[in-house]
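J.: Sending over a structure as structure tokens; questions will come in a sec.
Quick note: the coordinates plus some simple rules give every number you see, no bench work behind them. Predicted model only: the values in this text are computed from it and were never measured. Neighbour counts are summed over all protein chains in view; Cβ atoms, including those assigned to glycine, are modelled from backbone coordinates with ideal geometry.
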Amino acid sequence: MQIEFRDLKKQYLRLKSQIDNAVLNVLSETSYISGPQVKQLETRLAEYVGVKHCISCANGTDALSLVLMSWGIGPGDAVFVPNFTFFASAEVISFEGATPVFVDVDRQTFNISTKKLEESILEVIKEGRLRPRAILAVDLFGLPANYSEIIQLAKTYKLLVLEDAAQGFGGSIDGKKACSFGDASTTSFFPAKPLGCYGDGGAIFTNDDDLASLIRSLKVHGKGRDKYDNVRIGINSRLDTLQAAILNEKFDAFVNYELDAVNDVYLIYNDNLAGLVEVPSIPKGFYSSFAQYTIKLRNQHERNQLSIFLRNEGIPTMVYYPKTMHEQLAFEGIKLYSSLSTSSELVQVSLSLPIHPYLESDEVLFICNSIHSFFRTYID
Ligand SMILES: *Cc1c(COP(=O)(O)O)cnc(C)c1O
């Protein structure tokens, strides 16, 4: 059996006639930039998430940058970010000239540890060199971070909260949707993300009217009345009409059955793997959109051997992530403010298994059986 890590082809074939029609409509209407499909998508996503504004842009990295830019975050500012995430979460902080403060994560959820977060905030305040400005929390692998505690800390220390839900769209806490937890929240429509388009795309969500209009200006060359009236320095970051048209079709499938389908895959995995390896556990009241299904092995050797064994069985796996932020060359020399031991362990023991809405239960069982076979013969 050959299994796909994330089967974009199966999804396309299921939705082919709708998507083909939507694309052909854009081609013949010729509103390739800022066509009506873009506004339509923004309205639908804002309503789904439950916030006032959704502002689409070119990708999830720009979405984060646009928020930091709007908040005027720059040199001398500290932004707290998990040490275990995709590089872009921390990159955007340095790109604005501010300083990322890497915070260790919770071993169970892979998300920022609120205990370590408070320790880091206090250390930065005590040192007095940087001005603490914001917490950039990440909803890793589809699971929202612990926002009740994060927002409490933000209030206590007067920090802004930016929710990076690039992997988290569709998740929720007690029914409240991901992309609604931050003072601003962002997502990515990169093809492999929970709600992906057929290229790059991203969006920002907020209830703040002033922030929303500032971002709408910044993303189109700092426009004032129109793009030939420029009132500030901005960037060019728009979602193509084609991508919005594709997303409008895919969004229906995402809401109607894809989220349920990935959660079914998660349950089959957990039923068959619990006790053998450390499986994901979703805290009470939380719902994950399962951008990734990530298990933990006992050590790096076991993780690597399992990955090779599965590859020989036709099962692709990925290591998310092979390096922490503080181990990245690009961040060499950055000052650390608290222990990063959990994230340093996770890069050695984590392994992500195939998961997507079109993975059949017999495929999931085949993967589980292969993992059982591995452990029947594996010796440390
Ligand atoms: C993918 C991703 C991003 C960046 O999104 P792009 O659309 O690829 O720019 C940011 N943060 C996290 C956590 C991501 O997974």
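J.: Starting from the Kirkwood radius over alpha-carbon pairs of region 231-284, derive D by Stokes-Einstein at 37 °C in a medium of 0.692 mPa s and give it in µm² s⁻¹.
T.: 221 µm²/s
J.: For region 181-236, what are the per-bin percents of Cα-Cα distances with bins 10 Å wide, up to the bin holding the maximum?
T.: Calculated over all Cα pairs of region 181-236, the distribution is 23, 37, 34, 6 percent.
J.: Within a 10 angstrom radius of the beta carbon, how do Val231, Val26, Val79 rank from fewest other beta carbons to most? Walk me through the intermediate numbers first.
T.: Working: Val231 11, Val26 20, Val79 26.
The fewest-first ordering by Cβ neighbours comes to Val231, Val26, Val79.
J.: To the nearest 20 Debye, how big is the dipole of region 1-94 about its Cα centre, given +1 on the beta carbon of each Lys and Arg and -1 on that of each Asp and Glu? The partial results should precede the final answer.
T.: Values: 8 positive and 9 negative charges, 74 e Å.
The calculated dipole for region 1-94 is roughly 360 debye.
J.: Oh, and also: Per the Kirkwood treatment, what hydrodynamic radius in Å, one decimal, follows for region 333-380 from the mean inverse distance over all distinct Cα pairs? The partial results should precede the final answer.
T.: Numbers: mean 1/r = 0.0704 Å⁻¹.
The Cα-based Kirkwood calculation yields 14.2 Å.
J.: Quick one: compute a quarter of the convex hull surface over the Cα atoms of region 1-48 and quote it in nm². Before the final figure, lay out each step's value.
T.: On the way: hull surface 20.3 nm².
Over every viewing direction, the Cα hull of region 1-48 projects on average to 5.1 nm².
J.: If you find the alpha carbon centre of region 12-28 and of region 276-297, how far apart are they in angstrom?
T.: If we compute the Cα centre of each part, the gap is 34 Å.
J.: Sticking with this one: Charges at C-beta only: +1 for Lys and Arg, -1 for Asp and Glu. How large is the resulting dipole of the chain about its Cα centre, in Debye rounded to 20? Intermediate values should be presented prior to the final figure.
T.: Numbers: 36 positive and 45 negative charges, 120 e Å.
Magnitude of the dipole: close to 580 debye.
J.: Something else now. Taking N as the number of residues in region 2-150, what is its alpha-carbon radius of gyration divided by 2.2 N^0.38 Å? List each step's numbers first, then the result.
T.: Numbers: Rg = 19.7 Å, N = 149, 2.2 N^0.38 = 14.7 Å.
Normalised by 2.2 N^0.38 Å, the Cα Rg of region 2-150 equals 1.34.
J.: Rounded, prolate or oblate, given the Cα gyration tensor of region 144-238, with a/c below 1.5 counting as rounded? If you can, show how the numbers build up before the last one.
T.: Working: a/c = 2.94, a/b = 1.36, b/c = 2.17.
Oblate shape, in that a/c is at least 1.5 and b/c is the bigger or equal ratio.
J.: Quick one: what does P(r) look like for the chain with 10 Å bins over all Cα pairs, in whole %?
T.: Final binned percentages: 5, 24, 31, 25, 12, 3, 0.
J.: If we count every other residue with Cβ under 12 angstrom of Lys116's Cβ, Lys/Arg +1 and Asp/Glu -1, where does the sum land? Before the final figure, lay out the partial values.
T.: Working: positive: Arg107, Lys115; negative: Asp104, Asp106, Glu118, Glu119, Glu123, Glu149.
So the surrounding residues net to -4.
J.: Given the convex hull over the Cα atoms of region 110-197, what projected area results after averaging over all orientations, in nm²?
T.: Working: hull surface 23.7 nm².
Here the figure is 5.9 nm², rounded to one decimal.
J.: Using only alpha carbons, build the gyration tensor for region 58-97 and give me the equivalent ellipsoid semi-axes, biggest first, whole Å. Provide the component values of the computation, followed by the final result.
T.: Values: eigenvalues 46, 39, 10 Å².
Gyration-tensor ellipsoid for region 58-97: 15, 14, 7 Å.
J.: How much mean residue ellipticity at 222 nm does the chain get from its helices, if each DSSP H run of length 4 or more adds -39500 (n - 2.57) and you divide by all residues, to the nearest 500 deg cm²/dmol? Don't skip to the end; give the middle numbers.
T.: Details: 12 runs with 157 residues, N = 380.
Result for the chain, helices only: -13000 deg cm²/dmol.
J.: In whole angstrom, how long is each semi-axis of the equivalent ellipsoid of region 186-314, when you take the square root of 5 times every eigenvalue of its Cα gyration tensor and sort them from largest down?
T.: For region 186-314, the semi-axes come out at 40, 17, 16 Å.
J.: Where both residues lie in the chain, what percent of DSSP beta bridges are antiparallel, nearest 5? Provide the component values of the computation, followed by the final result.
T.: Numbers: 23 of 41 bridges.
In the chain, approximately 55 percent of DSSP beta bridges are antiparallel ones.
J.: log₁₀ I(q)/I(0) of region 270-373 at q = 0.21 Å⁻¹, via Debye over equal Cα point scatterers, no solvent, to two decimals?
T.: One equal scatterer on each Cα of region 270-373 leads to -1.19.
J.: Another question, if that's okay. What is region 40-118 by shape, rounded, prolate or oblate, if you read a ≥ b ≥ c off the alpha carbon gyration tensor as root eigenvalues and call it rounded for a/c under 1.5, prolate for a/b larger than b/c, and oblate otherwise?
T.: oblate
J.: Related question: Magnitude of the Cβ-charge dipole of region 65-147, K/R +1 and D/E -1, about the Cα centre, nearest 20 debye?
T.: Charge dipole, region 65-147, about its Cα centre: 120 debye, nearest 20.
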